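S.K.: The structure is given below, and queries will be raised subsequently.
The values are calculated or read from the model by the stated rules, or taken from the named source; none is laboratory data. Note that the structure is predicted; figures quoted are calculated from it, not measured. Here the Cβ positions follow ideal geometry from the backbone for every residue, glycine too, while neighbour counts run over all protein chains shown. Areas reflect the complete protein model, heavy atoms only, side chains present, ligands, DNA and RNA absent. Shrake-Rupley method; radii C 1.70, N 1.55, O 1.52, S 1.80 Å.
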Amino acid sequence: MRIGDLARRTGVSQRLLRYYEEQDLLTPTRLPSGYREYTEDDVLRVAHIRNLLAAGLSTATIADVLPCMGVDGERLIASICPELVDELLVERARISESIAALVAAQSALDTIINARPAASSPAEPAAAGSS
DNA sequence: ATTCTCACA
DNA sequence: TGTGAGCA
């Protein structure tokens, strides 16, 4: 299929689809016309790319992880590509640091919000997660 | 009608 | 990452 179809089927813009190719996340073949030709597998592949991107992984890391993803989607990845486990652990650590930073920022805001004398503002509702 | 590459108010 | 240009 060509880029227009893939874009519609994945909800990803043609612009991004071409960008993913630049990052070696997709490697469509070229028709004699010069048009990119994608396979059915690319539809699922794009879904994987979206998920990995949402997880905050760099396109470089995704390029390494992608070939390890079968139709299953996630669990098998570790067994097929053991070498990637530590790389993924690094990513996980990075996410933990981000969470810590956000929690700190949240506390900073809470301090400012609660520093105000008295009034009726819905500024600090029940903390999500810990009830 | 579609896609391609390149460039940027 | 969107948008428009000028082609094929």
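S.K.: Applying the Karplus parametrisation 6.51 cos²θ - 1.76 cosθ + 1.60 with θ = phi - 60° to the phi angles of the stretch A:45-54, what ³J(HN,Hα) value in whole Hz is obtained for each residue in order, glycine and proline being reported as x?
M.R.: Whole-Hz 3J(HN,Hα) from phi for the stretch A:45-54: 4, 5, 4, 5, 4, 4, 5, 5, 5, 5.
S.K.: Which values, in whole Å and largest first, are the semi-axes of the equivalent ellipsoid of the stretch A:3-114 obtained as the square root of 5 times each eigenvalue of the Cα gyration tensor?
M.R.: Semi-axes from the Cα gyration tensor: 34, 19, 11 Å.
S.K.: Hey, can you grab everything whose amide H is under 5 Å from the amide H of A:Glu37? Only 5+ residues off in sequence or another chain; H modelled, so Pro and N-termini drop out.
M.R.: Excluding prolines and chain starts, which carry no amide H, the hits are A:Thr29, A:Arg30, A:Leu31.
S.K.: To continue, here is another question. Quick one: net charge of A:Gly56's neighbours, Cβ under 13 Å, K/R +1, D/E -1?
M.R.: Local net charge: +1.
S.K.: Related question: Defining a contact as two alpha carbons under 8 Å apart and six or more residues distant in sequence, what relative contact order in percent does the stretch A:3-114 show?
M.R.: After rounding, I find 17 percent.
S.K.: Right, another one. From the phi angles alone, apply the Karplus equation (6.51, -1.76, 1.60; θ = phi - 60°) to the stretch A:88-98 and give each ³J(HN,Hα) in whole Hz, x where the residue is Gly or Pro.
M.R.: Result, rounded to whole Hz: 5, 5, 5, 4, 5, 4, 4, 5, 4, 5, 5.
S.K.: While we're here: List the GluC sites (Glu not before Pro) within the stretch A:1-47 that DSSP assigns to loop and that have no more than 10 neighbouring Cβ atoms inside 10 Å.
M.R.: In loop regions of the stretch A:1-47 (DSSP not H, G, I, E or B), the sparsely surrounded GluC sites (Glu not before Pro) are A:Glu40.
S.K.: Sort A:Asp5, A:Asp110, A:Asp86 by heavy-atom solvent-accessible area, probe 1.4 angstrom, most to least.
M.R.: The ranking, largest first, comes out as A:Asp86, A:Asp5, A:Asp110.
S.K.: Hey, what do the phi angles of the stretch A:14-23 turn into as Karplus ³J(HN,Hα) couplings, whole Hz, using 6.51/-1.76/1.60 and θ = phi - 60°, x for Gly and Pro?
M.R.: 4, 4, 5, 4, 5, 5, 4, 5, 4, 8
S.K.: Let me ask something else. Assign unit charges at the C-beta atoms only (+1 for Lys and Arg, -1 for Asp and Glu), then state the dipole size of the stretch A:3-114 relative to its Cα centre in Debye, rounded to the nearest 20.
M.R.: For the stretch A:3-114, the charge dipole is close to 440 debye.
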